[in-house]
1. Among (1) surrounded by fewer than 17 Cβ atoms within 10 Å (Cβ to Cβ); (2) over 25 Å from G127 (Cβ atoms), which single condition is A80 missing?
2. Where the second residue is of a type in the set (K, R) and in a helix (DSSP H, G or I) and the first is free of Cβ contacts under 8 Å to residues at least 24 places away in the same chain and within 17 Å of V59 (Cα to Cα) and lies in region 463-478, which pairs have Cβ atoms under 7 Å and are six or more apart or on separate chains?
3. Go through region 661-697 residue by residue and tally those that are of a type in the set (S, T, Y) and without any contact (Cβ under 8 Å) to a residue 40 or more places away in the chain.
4. Looking at region 276-296, can you tell me whether even one residue there is under 26 Å from A354 (Cα atoms), crowded, with 23+ Cβ neighbours inside 10 Å, of a type in the set (S, T, N, Q) and modelled with pLDDT of 95 or more?
5. Pull out all pairs, ordered by first then second residue, where Cβ-Cβ is under 9 Å, the residues are six or more apart or on different chains, the first lies in region 188-211 and is closer than 27 Å to D100 by Cα and touching a residue at least 24 places away in the same chain (Cβ under 8 Å), and the second is part of a helix (DSSP H, G or I) and among the hydroxyl-bearing types (S, T, Y).
6. Would you please name the residue that is nearest to N112 (Cα to Cα), looking only at residues in region 675-691 that are of a type in the set (S, T, N, Q) and loosely packed, with under 15 Cβ neighbours inside 10 Å?
7. Please report, ordered by residue number, the strands (runs of 3 or more DSSP E) entirely within region 359-449 with at least 2 residues that are modelled with pLDDT of 90 or more and within 21 Å of the chain's Cα centre (by Cα).
8. Could you list, in sequence order, the residues of region 742-770 that are loosely packed, with under 15 Cβ neighbours inside 10 Å and under 15 Å from E718 (Cβ atoms)?
Amino acid sequence: MCSHKLVNEICDETRFQKTISTELNEVRNLANDGLFTAKPGEENWGIAHRVLMPAFGTVAIRGMFDEMYEIATQLALKWARFGSSQPILATDDFTRLAFDTVALCSMDFRFNSFYRESAHPFVEGMGDVLVESGNRFRRPAMAKVFYRATTKKYFKDIKMMREISEDVVQARRANPDSKKKDLLAAMLNGIDSKTGKGISDISIADNLITFLIAGHETTSGTLSFLFYSLLKSPDCYQKAQKEVDEIIGQGPITVEKVFKLKYVPAALRETLRLYSPIPGVAMEALEDTLVDGKYPIAKGEAVSAFFTRSHVDPRVYGEDAHLFKPERMLDENFERLQKEYPNCWKPFGSGVRACIGRPFAWQEMLITVSLLLQNFNLTMDNPAYNLSLIETLTVKPKDFYMKASLRHGMSPLDLEHKLRGSNEASIKTTTSADHESENGNSERKGKPLSIFYGSNSGTCETLAHRLASDATSHGFHASVDSLDTAKESLPIDRPVVIITSSYEGQPPDNAAQFVSWLKNLEGKSLGPVSYAVFGVGNREWSQSFYKVPKFVDSALEKHGARQIVEIGLTDTSDRDPFTDFESWEDGTLWPTLDKEGDGAKPRELAAQKDLSVQVTMPRISTLHQDVSEAVVTAVRDLTGPGVARKRHLEIALPSGMSYRAGDYVCVLPMNPRETVSRILRYFRLSWDAVLTIEGEKGVALPMNQPASASDVLSSYVELAQPATRRNISTLAQFTSDKETKEALDDLLGSKLQAEITTKRVSVMDLLERFPKIQLPLASFLGMLPPMRIRQYSIASSPLKSPTHVSVSYSILDEPSLSGQGRHIGVTTSYLSKLSPNELIHIAIRSSHVAFHLPRTPESTPIICIAAGAGIGPFRGFIEERAQLLAAGRKLAPAMLFFGCRGKADDLYRNEFDAWEKQGAVVVKRAYSRETSVETVGCKYVQHRLTNEKEKVCELWDQGAKLYVCGSREVGKAVEETCVELLKELMGMDKEGADAFFKEVRNERFATDVFT
């Protein structure tokens, strides 16, 4: 069914219903009869659906804003720290976002996906189960016998996931005093009004898994498709970002603001029209019928509705239906389309089995899109990327990478403080009405007021109670009840306020009888009823979204009731109902009721409410570098006497941290003691001096608390950073000496690069060079950047030791280029002083996607070229190849070209000799300070590469991949040599060789160079 006309016909629920006859039947192995996989008529579905409807209402979802915002900020901070050059796999991070959001909001469980290099076992298991469910559905029954190992893993993953879900349920069940109001609480405490039953623990676990499956897959896919579409349409991207800037600005993102957006929701609707993450559903005929009057469908026969195809029907959306055009989905046109072409937009499913989590997903996506557009400029990693799809239970863009650059000159630290600042205070308000109920005080004073609500999701009920709370300040005492209780008994001795919603044009469950009664009054008079109506609707659900409140308002007036004020209306698809309700209440309802009352002046609302205010300041890590605590397990020297000292360090990884050969370990270091001592001496501070730093927020220092001077200088700031132009200008302000000022002014000119930056002259160097500068300690600290992490290539393979990483590094301690003392490397000095069992703060970062071993090691040779400590990643590569060979794998050849000063500098010599005997590698060396028969007179790696050009060419012709790790000079020399070899061996000219080399860069030629 791939046209709108056909889809519209099978959306008739009197003739067709959802059937579980596709992959969903296999997914039932995991989720049983949860909401998404339940078959029609299963009792557990009805109970869960009715119990959970209020939990997915506007009020409940609005209460999840903080949790949604928190997870979105984790995504934003991760992207900020990646930097503008790091490609981001959008689908992967949006999956982390959606999964963590669903888990936190539904069951108060944290998977902490943004703090893991690899996915949580639950997430990995779920992905594997969904893929295998699709495979199992597509295989013929007779083929399943050939997939015993796969089947075993499939059910093992299912068992693991169910155990985790059931443990979460039992943990909450064992904590009956929990105040958490999430979906799990709703299921644990809810009773179905129709059957009087609650949801069993097994069914609760089924639905928790259902939320995680359906909630994370669809939302992550939609967000990925949205940003693909926006980035493919620059004008649309600009309009969306402009709208966020104008409505939200740079201030905190709030519920009120996100629901004022117009263009962003339209872009989401248009994305779902073109790229619905679940493009089709299966429907079963309830009776023998015809579709479109032509195609016979037998009772019980299933048909498939491909909504995405009907969403591009040109008869509905025009000849440009295949184009991304958010304007077609702006409010007025969107309403017109739904009215003229019913069921033309169905990305959330149809009828009673439509997505119950739609408000949840919509709010989550609005928050995420707003936050990203507010703070980042996004681009495609590959501007030529064209959409391709990957399919599990849903569809997503495949290999869609973006890059994110912070806007407004912000640094990652700036963004962190900005985002954290929006949630620094937590305010809890308890109304006087709540206190009255809690204290058992039923005594009421004032004029009576009756409030009735029609509400399935809980929004209108909450508004009713809010109005009752406000009534006391206006001299009223209010009663609150459902609309059905007012059937045939509307009060005539007091004002009546009705607050109700519509559901697809139908009344809420607790207002159905009242509406039916109104429809059948048949000319009867209601008597002297005075009433006011406030309606809540959502235009995205139906073109008749105000049908019930408008009918109630007109019917009451028709039957003789007196309208106190004009009907108030709010559309929750793009507005905050609480804001609209308060405007109607304060600007229209109360002024009229106060005027019609006894003339008593309304009391101040705030004065009548008991407020309990709790303000909490979250602990903000001043150096939030996303690192974890690890333990050093081994250290050793790699070099002999007479050469620069190099060392080997092994670290036990924290639980849940993993890596690949070729990745980086990031270290958060401390400044050398010698450097810290210089600062303390200059400012005449003792090692045990205590500082209390006060000032603006956003400074990466321990603020407003005592901290030792040695700790501040060791751990929080970069002391060896070259002085900047602004630093030098500041120093000039703290001296009255003419010669000093002239010397500093001179450095600000053409000498800055050569005399300061290149020679790495620090602020401390300048203070010692110019003793007549009188710089206060506070100004000195304010000049310094925060301590940052350093990256080192990992020198081990997870196949040998998945829980440990090794690092090779050269200790930097040499005369300073400025001529002032010595230049001591911050991190290498720090690492060199570590001993086994000491703690270290680290993180794992992936290297460039090209700088990893080939996926087909059996057929792809490798050529590795390194100098000095640059051999580190290749130790990991060859260690991995040795493990593969030991396991019986046959591998393509590998060559390693290694340059160093001589035998005393020949790093890991014994290990490489053993691996060479094993056949894992052939090593070709070059010694720059020694002559050796082994090196055939070659001083540098590029010379040895030329010497072995025939073998290199042979491996290249076999599809070899070439890697280089070393200094920038080494990388440049190797590249020049490769170009010369191409010219000689392949008959290319210089221009052709350069072009060819650029073409294969990051495909067959990968570099990892350092300064």
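1. (1)
2. Pairs that qualify, where the first residue is free of Cβ contacts under 8 Å to residues at least 24 places away in the same chain and within 17 Å of V59 (Cα to Cα) and the partner is of a type in the set (K, R) and in a helix (DSSP H, G or I): there are none.
3. Quick first cut of region 661-697, residues of a type in the set (S, T, Y) only: 664, 675, 677, 682, 686, 692.
The next check asks that each one be without any contact (Cβ under 8 Å) to a residue 40 or more places away in the chain; those that pass are 677, 686, 692.
Qualifying residue count, region 661-697: 3.
4. no
5. Once the first residue is closer than 27 Å to D100 by Cα and touching a residue at least 24 places away in the same chain (Cβ under 8 Å) and sits in region 188-211, its partners that are part of a helix (DSSP H, G or I) and among the hydroxyl-bearing types (S, T, Y) give I204/S165; A205/S165; D206/S165; N207/S106; L208/S106; L208/S165; I209/S165; F211/S106.
6. Let us first name the residues in region 675-691 that are of a type in the set (S, T, N, Q), namely 675, 677, 686.
Then keep just the ones that are loosely packed, with under 15 Cβ neighbours inside 10 Å; that gives 677, 686.
Values: S677: 40, S686: 42 Å.
Checking each candidate, the answer is S677.
7. Details: elements: 376-380, 389-391, 395-397, 401-406.
Result: 395-397, 401-406.
8. T757
The values are calculated or read from the model by the stated rules, or taken from the named source; none is laboratory data. Since we're looking at a predicted model, the values are computed, not measured. With ideal geometry, Cβ positions are generated from the backbone for all residues, glycine too; neighbour counts draw on all protein chains shown.
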